[in-house]
Every structure is written in C-alpha cells, then in structure tokens.
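Novice: Dropping a structure here in structure tokens format, bear with me for questions.
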Amino acid sequence: MRNRSLRLSRWTRVALGLFGLTIFFGIWGAGSITGLASSTFLPDPLSVIGRLLKLVDSPYAGHTLLEHLTASLFRYGAGLALAIVVGLPLGLLMGWFRLIDDIVTPMFDGLRFIAPLAWVPFAALWFGSSLGGPVLVIFTGAFPPVLIGAYRGARLIDPQLVEAARMLGTPHRRMLTEILLPDAVPSIVSGLRVAAGLGWQSLIGAELIVVSSGIGYMMVQAQAAVSTRTVMAGIIAVGLVGTAVDLLLRLGEGAVRRRFGVAGPSK
Amino acid sequence: MSGIEFNRVCRVYHASARTIVALQDISLTIADREFVAIVGPSGCGKTTCLRMAAGFDFPSSGSVRVGERAVRGPGPDRAVVFQHFALFPWMTVTANIMLGLRNAKVPKAEAEQRVANVLELMNLQGNEKAFPHQLSGGMQQRVAIARAYVLDPEVLLMDEPFGALDAQTRVLMQEELVRLARVNPRTVLFITHAVEEAIYLADHVVVMTRGPGKIKTIIPVKPVRESEAWDRKERIEDVMNEPSFVQLRTEIWRLLREEQKGATLKQS
C-alpha cells in the first residue's frame with residue numbers, strides 16, 4: 001500500500017505530471033540545442049516532433065508513418081488474438097482440471113522465461129517473415145500473462161461458489177463457461193493489460209529483424225540511413241500507440257470490474 | 001422418499017504429525033420429512049456432518065446414506081443453503097435460481113413457471129432482474145433458499161443459514177421457514193448454534209459435544225410442540241414465552257454449558 005497521507009487534488013497531480021515531462025524535455029533540449037551533443041547523436045526535441053508530423057503524410061521506407069503503424073497494429077492484433085484464443089481456455093482448464101495443470105505447468109514454466117526475441121530466428125524460419133513469424137513472436141510475449149490471468153482467476157474462485165454449482169448439478173463444460181470464466185474476468189482483464197504491453201514490445205523487436213513494413217522496419221531503415229531524427233520519431237510513435245492501447249484497456253477494465261467485480265471476492 | 005442416515009461415522013484429519021478426530025461414532029437417523037437441528041459448540045463438527053450429507057466431505061469410516069443410496073458426491077437431490085448464501089454475483093436473481101433447472105434440462109416453459117412459483121413463495125417478486133449485491137442479506141438468503149427449493153429436492157441441508165443475518169431479519173426468516181415447512185415439508189438437516197432457533201424449527205434437536213465431536217443427546221421437540229399447540233401461535237416471541245419452550249431451552253443450555261465447562265477445564 002502506498003503512503004496516502006499526502007493527499008493531493010486531481011489538478012495538482014496533473015500539474016506534477018506535466019512538471020516531470022517538462023524536466024525531461026528540458027534536459028533533452030538543453031543537451032542538444034547547446035551543442036553539448038551533436039544533432040546526429042541527440043536530435044533536438046522540436047526537430048524530432050517536426051519529423052514525426054512530416055512522416056505522417058510523406059512516405060519513408062516505402063510507406064507513410066500511418067501505413068507502417070497500420071501494418072504493425074494488424075500483426076499485433078493477430079498475435080494478441082491468438083494468445084487469447086489459446087491462453088484463456090487453457091488457463092481455465094488448468095485451473096479446473098488438476099491433471100491438465102500437472103501436465104502443462106512444468107512445460108509452461110520452462111518456456112515462459114525465454115524472451116520473445118529469442119524466438120525470432122525460428123519464428124521467421126518456421127512461419128515466414130511477413131505475418132506468421134512476427135505473430136508468433138507477439139504470441140510468445142502475450143501468451144503467458146493471458147494464461148496466468150485465467151489460471152489464477154479460476155484457482156482463486158471462492159470454494160463455496162464451486163460447491164454451490166456442483167450441488168446444482170452443473171456439468172463440467174458449463175462450470176468452465178458460466179462459473180469459472182465470469183468469476184475470473186477481473187483477473188483475466190489484468191492479465192490482458194500486461195499481455196498487451198508485452199506483446200507490443202515484442203512486436204517492435206520482431207519488426208526490427210524480419211519484415212518489410214511496420215514501424216519497427218521503418219526505424220531499422222532510418223538507422224541504416226543514419227537518420228537519427230526518424231528513429232527518434234519512430235520511438236515516440238511506438239510510445240504513443242502503446243500508451244493509447246493501454247488507456248483503452250484501462251477504460252475497458254474499469255467497465256468490466258464494475259460489471260463483474262462487485263460483491264465477488266477481491267483478488 | 002428420503003431420510004438421512006449416519007451410521008457409525010468417524011472423520012479424522014491428519015495435520016502435520018497430528019491426528020485430529022473431528023467426528024467420533026456418529027449414528028443418527030433422520031426420518032423422511034423430519035426436521036432435525038444440530039446444535040453444539042463451534043468446532044464440534046456439526047458442519048462436517050452436513051457436508052458429508054451434501055457430498056462435499058466423506059467419512060473416514062462408517063457410512064452416510066440419503067434415501068437408499070450411499071452419498072458419493074454433491075447433487076441436486078440434496079440442496080444446500082449456505083451460511084454466506086453462495087449466490088453467483090454475476091447472475092441475476094432469476095439466473096441464479098434457474099441454473100439448477102437448466103442443468104437438469106427442464107423445458108424452458110416449465111422452468112420459467114417453477115421459478116415464478118418459487119419467487120412468489122419466497123416473496124421475491126419484483127427482484128427478478130436484480131444482482132445479489134443489490135439485495136439485503138435477508139433477501140439474498142431468500143434467493144438462496146429459492147434456488148434450493150425450486151429443484152424440489154428430497155432433502156434440504158441448511159448450514160447456519162441465518163447466521164449472517166441481523167436479529168430482526170433472522171426472526172422473519174425463521175417464521176418464513178416454518179411457513180414453508182408447513183406448505184411443503186421436506187427432510188431437513190439444519191445446523192445452528194442458536195438454541196432458540198433449533199427448538200422453534202426442529203422436530204428433534206441433536207446436541208453435540210466438542211473434541212472429538214460426538215452426539216451427546218437427542219431431544220424430541222415435536223411431541224412438546226404438538227401437545228402444547230405452539231403452531232397455533234403466529235409469532236416466534238409468543239412461542240418462546242411458552243413455559244414448555246423455556247423448559248426445553250433451559251435443558252439444552254445446561255447440556256451445552258457442561259460442554260463449555262469441560263473445554264475450559266481441559267485447556268487449563
């Protein structure tokens with residue numbers, strides 16, 4: 001629990017956040033504009049933002065920034081969807097059937113500590129470098145938190161709810177879909193937020209290496225051309241999109257908690 | 001027709017190098033449509049008895065039968081009402097009550113009719129679409145009882161069902177349960193630590209001892225209730241002022257106090 005004795009109003013906190021950002025950009029700007037660092041070594045903030053705006057409509061490395069981002073988001077969506085389609089049912093099954101838990105857990109624990117980027121060469125080799133490979137890399141990043149969220153949710157259900165459901169003659173399949181799944185929703189949504197972040201990070205990594213479109217690809221091309229301003233603009237675009245995705249999920253999480261979290265056991 | 005029969009039931013727990021005898025040699029027969037309440041100090045194993053009849057727990061030796069069959073697991077023929085209601089928080093009142101009927105593949109029209117009947121029986125009309133957390137504790141327990149009753153179970157197992165309710169609500173629910181038992185009698189096993197509640201509701205009150213849990217005495221209440229015509233009194237406080245009621249209460253309290261004394265002596 002954080003120390004809450006210092007109570008600040010909402011606006012004070014927004015101002016503090018802006019203050020932090022100002023310091024960050026201030027130091028960055030001071031470093032580059034004073035000539036302390038050369039403009040190739042550290043491009044100044046204003047020129048980077050100018051570059052970013054220009055990339056929106058003029059193509060670089062074959063596509064505009066928005067086209068690159070669209071290609072990236074498409075792969076990202078596919079990888080995340082695959083992680084959900086596999087991880088969510090598997091996590092619930094592991095939480096309900098001891099046997100499945102015993103079979104899957106050792107394998108899962110062994111694999112999940114391998115960084116998604118380590119899979120890149122094989123992902124490209126096995127599934128191609130345009131869609132299949134990057135999707136697999138995102139999958140390896142996003143899958144563990146999805147599975148753990150579903151598994152934890154299913155395991156931490158109030159035992160009395162399980163007893164009530166069994167007493168009512170609930171068959172296994174309905175137990176998973178109508179009892180464990182809704183009970184696990186808050187935990188699943190928390191897992192999804194982590195998965196979304198890790199998946200996005202993994203994607204950029206994958207695109208640096210394999211594909212011929214996407215925001216990661218654009219940054220690699222810019223690096224080869226020593227256009228550090230373009231690289232920096234790409235970094236900012238990656239950060240902004242990541243923040244936007246997280247913000248959307250956070251809104252969704254709030255709505256889901258209001259619907260499913262109330263009166264349930266806190267997790 | 002279903003009674004409940006505990007035949008020489010023992011339940012032993014093994015906890016890190018220690019063996020705890022929770023229940024020792026429990027033999028108890030509950031006849032069809034009889035209402036039996038078990039009272040006893042906390043930790044005497046009364047809830048374990050109920051969990052065995054429900055099929056959530058199993059005897060280390062001896063047997064538990066409901067009807068003609070030994071209990072092998074939980075099922076809708078033995079509906080349980082839990083102390084903390086155990087309603088599904090993401091389901092509406094109707095969905096909670098409907099689940100057991102859907103599991104039993106009862107045709108939709110019939111299921112809806114049965115839910116409507118039980119909602120009326122439990123005075124829950126108008127709350128069909130509410131979620132459990134929007135209801136008071138008393139209302140939530142009505143839903144839990146409705147969820148059990150709608151299955152038309154042979155046996156009703158109630159584990160301190162009013163223990164989580166405030167005093168006034170509790171009295172209302174007790175009166176309600178007596179009314180329900182008259183309309184629709186069932187075999188009931190009722191766990192409580194409230195002596196008055198046990199006498200007011202039950203045909204027999206079973207007093208249990210603590211550590212290891214054994215049956216101390218079984219006190220017949222039904223003959224007294226019938227000869228003193230308690231049922232003609234509508235209100236619980238009128239019944240409780242009857243000399244015959246007071247006498248039973250004094251007797252059960254004395255038995256429980258012996259247990260309390262025993263425990264204190266053992267600890268010191």
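Novice: Of B:PHE131, B:ILE4, B:TYR200, which is farthest towards the positive pole of chain B's charge dipole, taken about the Cα centre with +1 and -1 on the beta-carbons of Lys, Arg and Asp, Glu respectively?
Specialist: Selected residue: B:ILE4.
Novice: Now for a separate question. Based on DSSP, what percent of beta bridges with both residues in chain B are antiparallel, to the nearest 5?
Specialist: On the way: 21 of 39 bridges.
Counting DSSP beta bridges with both partners in chain B, the antiparallel share is about 55 percent.
Novice: Once phi is turned into ³J(HN,Hα) by the Karplus curve 6.51 cos²θ - 1.76 cosθ + 1.60 with θ = phi - 60°, what whole-Hz value does each residue of the range A:183-194 show in order, with x for glycine and proline?
Specialist: Coupling constants for the range A:183-194: 5, 8, 3, x, 5, 5, 5, 4, x, 4, 5, 5 Hz.
Novice: If you don't mind, another one. What is the distance, in nm, between label points placed 7 Å from the Cα along the Cα-to-Cβ direction at A:ILE27 and at B:ARG254?
Specialist: Computed distance between label sites A:ILE27 and B:ARG254 equals 8.3 nm.
Novice: Grab chain B and count how many Lys pairs have their alpha-carbon atoms under 24 Å apart, sequence gap of 8 or more, or different chains.
Specialist: Count of close lysine pairs: 13.
Novice: Next question, about the same structure. Assuming 1.567 mPa s and 4 °C, estimate D for the range A:66-147 with Stokes-Einstein, Rh taken as the Kirkwood radius over Cα pairs, in µm²/s. Before the final figure, lay out each step's value.
Specialist: On the way: Rh = 13.5 Å.
So the translational diffusion coefficient is about 96 µm²/s.
Novice: Report, to the nearest 10°, how far helix A:132-155 tilts away from the longest principal axis of the Cα atoms in chain A, using its own Cα long axis and a range of 0 to 90°.
Specialist: 40
Novice: Around B:MET91, what is the net charge, scoring Lys/Arg as +1 and Asp/Glu as -1 over all other residues with Cβ under 15 Å from its Cβ? Walk me through the numbers before you get to the answer.
Specialist: On the way: positive: A:ARG174, A:ARG259, B:ARG102, B:LYS129, B:ARG147; negative: A:ASP158, A:GLU178, A:ASP183, B:GLU128.
Computed value for this residue: +1.
Novice: Whole-Hz Karplus ³J(HN,Hα) for the range A:81-89, in order, using 6.51 cos²θ - 1.76 cosθ + 1.60 and θ = phi - 60°, x for Gly and Pro?
Specialist: 4, 4, 4, 6, 4, 8, x, 5, x
Novice: Another one. For every other residue with a beta carbon closer than 13 angstrom to the beta carbon of A:ASP101, add +1 if it is Lys or Arg and -1 if Asp or Glu, then tell me the sum. Kindly include the intermediate steps, with their values, before the conclusion.
Specialist: Details: positive: A:ARG98, A:ARG152, A:ARG155; negative: A:ASP102, A:ASP109.
So the surrounding residues net to +1.
Novice: On a 0 to 90 degree scale, rounded to 10, what angle separates helix A:45-57 from the longest Cα axis of chain A?
Specialist: 70
Novice: Looking at the range A:216-265, I'd like the Rg to Rh ratio, where Rg is from alpha-carbon atoms and Rh is Kirkwood's inverse mean 1/r.
Specialist: Numbers: Rg = 18.4 Å, Rh = 13.2 Å.
Here the Rg-to-Rh quotient is 1.39.
Novice: Could you give the distance between the Cα centres of the range B:77-109 and the range A:201-252, to the whole Å?
Specialist: Each part reduced to its Cα centre gives a spacing of 50 Å.
Novice: Compute the projected area of the convex hull of the Cα atoms of the protein assembly as shown, averaged over all viewing directions, and report it in nm² to one decimal place.
Specialist: Working: hull surface 141.3 nm².
Across all orientations, the protein assembly as shown yields a mean hull projection of 35.3 nm².
Novice: Given the DSSP H assignment, sum -39500 (n - 2.57) over each helix run of at least 4 residues in chain B and divide by its residue total; what's the result at 222 nm in deg cm²/dmol, nearest 500? Show your work: numbers first, answer last.
Specialist: On the way: 9 runs with 108 residues, N = 268.
Computed mean residue ellipticity for chain B: -12500 deg cm²/dmol.
Novice: Ok, one more. So, with +1 on the Cβ of K and R and -1 on the Cβ of D and E, and no other charges, what is the size of the charge dipole of the protein assembly as shown about its Cα centre, to the nearest 20 debye?
Specialist: Values: 56 positive and 44 negative charges, 195 e Å.
Rounded to the nearest 20 debye, it is 940 debye.
Novice: Which of these, A:GLY35, A:GLY91, A:GLY234, has the largest mean-square fluctuation under a Gaussian network model of chain A (Cα springs below 10 Å)?
Specialist: Of the options given, A:GLY35 has the highest mean-square fluctuation.
Novice: Post the alpha-carbon centroid distance, the range B:191-227 to the range A:130-149, in whole angstrom.
Specialist: When both Cα centres are located, 61 Å separates them.
Novice: Rg/Rh for the range B:56-147: what does it come to with C-alpha atoms and Rh from Kirkwood? Don't skip to the answer; put the middle values down first.
Specialist: Details: Rg = 15.2 Å, Rh = 14.6 Å.
Ratio of gyration radius to Kirkwood radius: 1.04.
Novice: Going by how many other Cβ atoms sit within 10 Å of their own, how do A:VAL256, B:VAL12 line up, fewest first? Mind showing how you got there, number by number?
Specialist: Values: A:VAL256 17, B:VAL12 14.
By the 10 Å Cβ count, ascending, the order reads B:VAL12, A:VAL256.
Novice: Something else now. Taking amide H positions as placed 1.01 Å from N in the peptide plane, with prolines and chain starts having none, which residues 5 or more places from B:ILE38, or on another chain, fall under 5 Å of its amide H?
Specialist: B:PHE190, B:ILE191, B:THR192, B:VAL206
Novice: Size of the dipole of the range B:1-89 about the Cα centre, Lys and Arg at +1 and Asp and Glu at -1 on the beta carbon, nothing else charged, in debye to 20?
Specialist: Working: 10 positive and 7 negative charges, 48 e Å.
So the magnitude is around 220 debye.
Novice: Taking the Cα atoms of the range A:43-261, report the difference between the largest and smallest coordinate on each principal axis, in whole Å and largest first.
Specialist: 67, 39, 22
Novice: Quick one: Cα convex hull volume of chain B, Å³ per residue? Could the numbers behind the result be given before it?
Specialist: Details: hull volume 39.2 nm³, N = 268.
For chain B, the hull spanned by Cα atoms encloses 146 Å³ per residue.
Novice: Under 5 Å between amide H atoms, partner at least 5 residues away or on a different chain: which partners does B:HIS84 have, H built in plane at 1.01 Å?
Specialist: Placed amide hydrogens put nothing under 5 Å from B:HIS84.
Novice: Moving to a separate point now. Please report, in debye to the nearest 20, how large the charge dipole of the range A:43-261 is about its Cα centre when each Lys and Arg carries +1 at its beta carbon and each Asp and Glu carries -1 there. Provide the component values of the computation, followed by the final result.
Specialist: Working: 16 positive and 13 negative charges, 54 e Å.
Value, rounded to 20: 260 debye.
Novice: Still on this structure: For chain A, with a Gaussian network of springs between Cα atoms less than 10 Å apart, report the residue from A:ARG250, A:ARG98, A:ARG152 with the top mean-square fluctuation.
Specialist: With Cα springs under 10 Å in chain A, the top fluctuation among A:ARG250, A:ARG98, A:ARG152 is at A:ARG98.
Novice: Same structure, new question: Test of understanding: ordering B:PHE131, B:PHE6, A:PHE113, A:PHE24 by Cβ neighbours within 10 Å, fewest first, what list do you get?
Specialist: Details: B:PHE131 19, B:PHE6 22, A:PHE113 7, A:PHE24 11.
Result, fewest neighbours first: A:PHE113, A:PHE24, B:PHE131, B:PHE6.
Novice: When the helix-only estimate is applied to chain A (DSSP H runs of n ≥ 4, each -39,500 (n - 2.57), divided by the residue count), what is the mean residue ellipticity at 222 nm, nearest 500 deg cm²/dmol? Kindly include the intermediate steps, with their values, before the conclusion.
Specialist: On the way: 10 runs with 192 residues, N = 267.
Helices in chain A give a 222 nm mean residue ellipticity of -24500 deg cm²/dmol.
Novice: Determine the distance separating the Cα centre of the range A:161-187 from the Cα centre of the range B:1-71; give it in Å without decimals.
Specialist: Value for the Cα centre distance between the two parts: 26 Å.
Novice: Continuing with the same structure: What translational diffusion coefficient, in µm²/s and rounded to a whole number, does the Stokes-Einstein relation yield for the range A:1-141 at 25 °C and a viscosity of 0.890 mPa s, taking the hydrodynamic radius as the Kirkwood radius over Cα pairs?
Specialist: Values: Rh = 20.2 Å.
D = 122 µm²/s.
Novice: Taking the 0 to 90 degree range and rounding to the nearest ten, how far is the long axis of helix B:167-183 tilted relative to the main principal axis of chain B, both from C-alpha atoms?
Specialist: That helix lies at roughly 80 degrees to the long axis.
Novice: Let me ask something else about it. Using θ = phi - 60° and the Karplus curve 6.51 cos²θ - 1.76 cosθ + 1.60, what whole-Hz ³J(HN,Hα) does each residue of the range B:96-104 get, with Gly and Pro shown as x?
Specialist: 4, 6, 6, 3, x, 5, 5, 4, 7
No lab work stands behind these numbers, since they all come straight from the coordinates. This is a predicted model, so every value here is computed, not measured. Please note: Cβ atoms are built from the backbone with ideal geometry, for glycine as well, and neighbour counts cover all protein chains shown.
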